[in-house]
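Here's the structure, in C-alpha cells; my notes come after.
Computed from the coordinates by the stated procedures, all read-outs in this text should not be read as laboratory data. Worth saying up front: this structure is predicted, and the values here are computed from it rather than measured. Counting neighbours? That spans all protein chains shown, and the Cβs are built from the backbone with ideal geometry, glycine included.
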Amino acid sequence: MGKKHPNITHLNEIEPRMEQRGTKFGYSTKRLGPPSGAKALSCSWYEVAPGRSAFPHHFHCANEEALFILEGKGQVRLGEERAYVEQGDYIAFPVGPASAHSLKNTGTEPLRYLCFSTTVPTEVVGYPDSKKIGAVGTGDWSKGMAGAWIKILAKEQAPMDYYEGENAG
C-alpha cells in the first residue's frame with residue numbers, strides 16, 4: 001500500500017538517526033515534520049536509553065519547544081528546578097534563559113517522547129552549564145542542520161567592540 005496522503009507519514013516509514021556521546025548523552029530520533037510537509041511546526045519522535053539525556057541543558061532565543069511523554073519516566077530540569085515526568089505529561093519550554101531545559105531518562109526502560117518546535121529560521125541557543133552559544137541561520141528547517149546557511153557553536157568570551165577587526169579608515 002502506498003503513502004496515504006502527502007501530509008500523512010507513519011513512524012515506521014522514517015529511518016532513525018542515532019547519536020551517542022560518552023555515557024550521558026544518546027538518542028534515536030525520527031523527524032516527522034518534513035516528510036509530512038510541515039513548514040512552521042516541527043515534530044520529532046525520540047527514544048532515550050536509561051540513564052541518558054538526548055541533549056545538554058540549553059535554551060532557545062527564537063524557537064519554542066514542547067515535549068509529550070509517550071512511554072517511560074524521566075526527570076526534567078526546567079530553569080533551576082527539577083521535576084519527574086511520566087507517560088501522558090506535556091512539558092512546555094518557552095524561549096529564554098528562564099526556560100533552559102534538559103530531560104534525563106531516570107527509568108529502567110527506554111524513554112519515548114514527541115518533541116514539538118516552532119521553526120523560526122534564525123536561532124540562537126544558550127548552554128548555561130558549559131557556557132557555549134550556538135547560532136544557526138537557515139531558509140528551510142526541513143533539511144535540518146544540513147541546510148543551514150550559517151552555523152556556529154562557540155564558547156562564551158569577553159565582549160568585543162562591534163568594529164574590532166574592521167577597516168574603519
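For the range 61-121, the alpha carbon convex hull comes to 69 Å³ per residue, rounded to a whole number. Restricting attention to the chain, lysine pairs at least eight places apart or on different chains and with alpha-carbon atoms under 14 angstrom apart total 8.
What is the Cα radius of gyration of the chain over 2.2 N^0.38 Å, N being its residue count?
On the way: Rg = 17.8 Å, N = 169, 2.2 N^0.38 = 15.5 Å.
Scaled against compact globular proteins, the figure is 1.15.
Once backbone amide H atoms are built at 1.01 Å from N, Gly107 has Gly51, Lys73 as its partners under 5 Å, excluding neighbours fewer than 5 places away on the same chain.
Projecting the Cα positions of Thr119, Val85, Thr138 onto the charge dipole of the chain (unit charges on Cβ atoms of Lys, Arg, Asp and Glu, taken about the Cα centre) puts Val85 furthest along the positive direction. Placing one equal scatterer on every Cα of the range 82-169 and applying the Debye formula, the log10 ratio I(q)/I(0) at q = 0.16 Å⁻¹ is -0.92. What does the charge count around Glu71 come to, taking other residues whose C-beta lies under 11 Å from its C-beta (Lys +1, Arg +1, Asp -1, Glu -1)? In short, -1.
Only sites in a loop by DSSP and with at most 11 other Cβ atoms within 10 Å count here; which trypsin sites (Lys or Arg not before Pro) in the range 112-158 make the cut? Here the sparse-neighbourhood loop sites are Lys131.
Among 163-169, 65-71, the peptide with the highest mean count of other Cβ atoms within 10 Å heads the list, and the full ranking is 65-71, 163-169. Given the range 1-70, what whole percent of its Cα pairs are spread farther than 16 Å? Tail of P(r) above 16 Å: 59 percent of Cα pairs.
As a rough guide to protection, the peptides 21-30, 4-13 ranked by mean Cβ packing within 10 Å, highest first, stand as 21-30, 4-13. Our coupling estimate for the range 93-107, obtained by passing each phi through the Karplus curve with A = 6.51, B = -1.76, C = 1.60 and θ = phi - 60°, is 10, x, 6, x, x, 5, 10, 3, 8, 7, 9, 10, 6, 9, x Hz, Gly and Pro reported as x.
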